[in-house]
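S.K.: Below are the structure tokens for one structure; questions will follow.
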Amino acid sequence: MTSISADGAAEAKCRGSRVQLLVQPVVPRPGSRYLNAMGIALWAAAAPIAIVTMLAALGCNARERGQAPSPAPSASASVPSASATVPTATGNDDAGTGDADARTGLRWRMELTPTELRMADRKEWTLAIGVSNAGTEAVDTRRDELRLLVNGKASTNFRLNWGNGHRDRRWALLPAGESVEERRHLGESLFREPGDYEVVLQLGDRQVARGQVRVAR
């Protein structure tokens, strides 16, 4: 009869992808009167150990073959991730509204319409310049000191055109909370050939508005 020793001689070993179950037979000394009784007692004591060892060996083999039993599903709370969508400003991004002047409260704006055009359409191109008084007192806008830079160069044609013609008297003294605006068609004089143009409006040394125009053939 083959049995497993009570002191844990039977053991399961994982070597690579094989499991070897080593069992040592218990051989009682010859002439013992208690051969059958001792064998039964040892088997009864070692049976639980043998069962556990065999189960461990089977589990080891299953893991080596990639057949490990799936773990019990655990309850997990799924927390949705909050995603904030920041709206993108649309419209004429080249309108170029500047910040209000800290001293005067004047806020300048410039609209270039359209921002993309063909050479043949330059006559219809419109430059709009306006100013708002966000302060508490009437202010001189210094309209005649405005300069328009096209690709870094001051436009003489703008200066001559802007200084002529009828103008709103509020340019000279703009009441608090009011706005004034003026439009010019200067496409042919500002854009002499196809290309990309940066248009900057300056008042003295301060840039008050800017925009981009693309002219195609």
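S.K.: What is the fewest-to-most order of T104, T136 by other Cβ atoms lying within 10 Å of their Cβ?
M.R.: Fewest-to-most Cβ neighbours within 10 Å comes out as T136, T104.
S.K.: What's the exposure ranking of L203, L174, going from fewest to most Cβ atoms within 10 Å?
M.R.: Ascending Cβ contact count within 10 Å gives the list L203, L174.
S.K.: Quick check on region 104-202: take the gyration tensor over C-alpha atoms, sort the square-rooted eigenvalues as a ≥ b ≥ c, and tell me if it's rounded (a/c under 1.5), prolate or oblate.
M.R.: In terms of gyration-tensor shape, prolate.
S.K.: Same structure, new question: When E193, E178 are ordered from fewest to most other Cβ atoms inside 10 Å of their Cβ, what list results?
M.R.: Ranking E193, E178 by Cβ neighbours within 10 Å, fewest first, gives E193, E178.
S.K.: What size of dipole, in debye to the nearest 20, comes out for region 120-217 about its Cα centre when the only charges are +1 on Lys and Arg C-beta atoms and -1 on Asp and Glu C-beta atoms?
M.R.: Charge dipole of region 120-217: 280 debye, to the nearest 20.
None of the figures in this text is laboratory data; all of them are computed from the coordinates on show. Here the structure is a predicted model, which is why all the values come from computation and not from measurement. In this analysis, Cβ positions are derived from the backbone assuming ideal geometry, glycine residues included, and neighbour counts consider all displayed protein chains.
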